Amino acid sequence: MAKATLENHAPEVVGSKQWSVGRLARIVTMVFVAALFVFPIIGFVAMAFRNQEDVAAGAGGFLGLGGMSFDNAAFSWSQIIGFGPNGGGLFLRWIGNSLIVSVGGALIAVAAAIPAGYALARLRFRFRRTILFITLLTMVMPNTVLVIPLFLEVSAAGAVGQLWPVIVIMGFFPFGVYLAYIHFMTTMPPELVEAARIDGLSEIAIFFQVATPISRQAIALVAFFSFVANWTNFFLPLALLTSNSQNKTVSIGIQELIGASPLFNPTVAAGLDVKLYMPQLALATFLSMLPLLAVFLGAQRFLMSGQTVGAVKG
């Protein structure tokens with residue numbers, strides 16, 4: 001009887017060992033992959049709190065963590081703030097410009113994408129499928145293809161170097177339209193729209209009184225993705241704002257800081273009172289990422305709940 005009991009349990013023990021080995025291998029693999037991403041980030045953030053002498057000498061220990069101090073960061077910040085003519089201040093101006101165009105473009109994107117997505121999802125009109133196809137087509141079109149035509153149009157309007165054309169163009173967000181379309185297709189039953197029509201509501205009233213209250217998730221998602229796309233947009237500000245140093249965004253402003261560093265362009269840097277080295281460039285880049293981090297943390301609840309948008313219908 002005892003022998004039979006041991007034989008019955010033997011396969012379970014073997015299976016448990018195999019499962020443990022497989023699980024351990026997966027954990028080790030995931031930790032290794034995570035380390036490949038985390039270590040460079042830690043070293044990059046540590047660079048913002050080091051000084052140029054330690055960086056040049058290779059001091060500071062592992063990833064430069066031993067050479068970190070807030071005094072170094074304060075000095076790097078003073079150098080960044082001092083960059084620019086008439087006492088500096090260009091970096092803060094660039095951050096403000098990025099906030100203006102990113103928030104403004106996101107507001108326009110939400111105002112255009114939510115009604116458009118609702119119309120494509122719950123209204124029936126001619127060329128509806130054609131418009132949806134064009135929306136999908138523009139989503140996969142590279143932004144660099146549109147830079148030159150947009151520059152020619154803005155130049156014809158005499159608005160090169162101004163922020164408002166960039167805001168208007170950034171409001172064109174076809175991915176937001178498609179996201180809103182999927183949201184209304186999956187969360188707003190057609191019977192609800194028909195019931196509202198039977199009650200005598202107009203199409204505009206249905207949108208504002210029925211569709212809008214249930215579109216908070218879509219609004220948050222469109223606003224988040226639009227803000228991130230606008231903040232990280234490089235080619236459009238490069239084409240339209242380079243002629244005006246005061247109206248540059250931080251994405252192309254970082255490029256100007258790099259171009260004025262003695263490490264990359266000694267000739268240009270020789271005529272500047274403020275010298276920017278690796279710690280200053282790392283700090284400027286790190287600070288330019290903080291608004292994205294803040295927006296991500298604020299929208300995290302909507303992002304987590306929006307992962308299944310379009311997965312289930314009904």
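Evaluated against (1) surrounded by fewer than 14 Cβ atoms within 10 Å (Cβ to Cβ); (2) without any contact (Cβ under 8 Å) to a residue 24 or more places away in the chain; (3) over 27 Å from Gly253 (Cβ atoms), Glu53 falls short on exactly one condition, (3).
In the stretch 201-216 there is no residue matching the filter, namely being in contact with a helix residue (DSSP H, G or I) (Cβ under 9 Å, 6 or more places away or on another chain), closer than 30 Å to Ser243 by Cα, in a loop (DSSP other than H, G, I, E, B) and not aliphatic (A, V, I, L, M). The sole residue among Phe62, Phe91, Phe75 that is loosely packed, with under 12 Cβ neighbours inside 10 Å and either on the phi < 0 side of the Ramachandran plot or modelled with pLDDT of 90 or more (or both) is Phe62. Checking each residue in the stretch 55-70 for being under 33 Å from the mean Cα position of the chain (by Cα) and part of a helix (DSSP H, G or I) picks out Val55, Ala56, Phe62, Leu63, Gly64, Leu65, Gly66, Gly67, Phe70.
The single condition among (1) surrounded by 12 or more Cβ atoms within 10 Å (Cβ to Cβ); (2) outside any loop (DSSP other than H, G, I, E, B); (3) in contact (Cβ under 8 Å) with a residue 40 or more places away in the chain that Thr138 does not satisfy is (3).
The values are calculated or read from the model by the stated rules, or taken from the named source; none is laboratory data. This one's a predicted model, so the numbers in the text were calculated from it and none came from an experiment. Note that each Cβ is placed from the backbone with ideal geometry, even for glycine, and that neighbours are counted across all protein chains shown.
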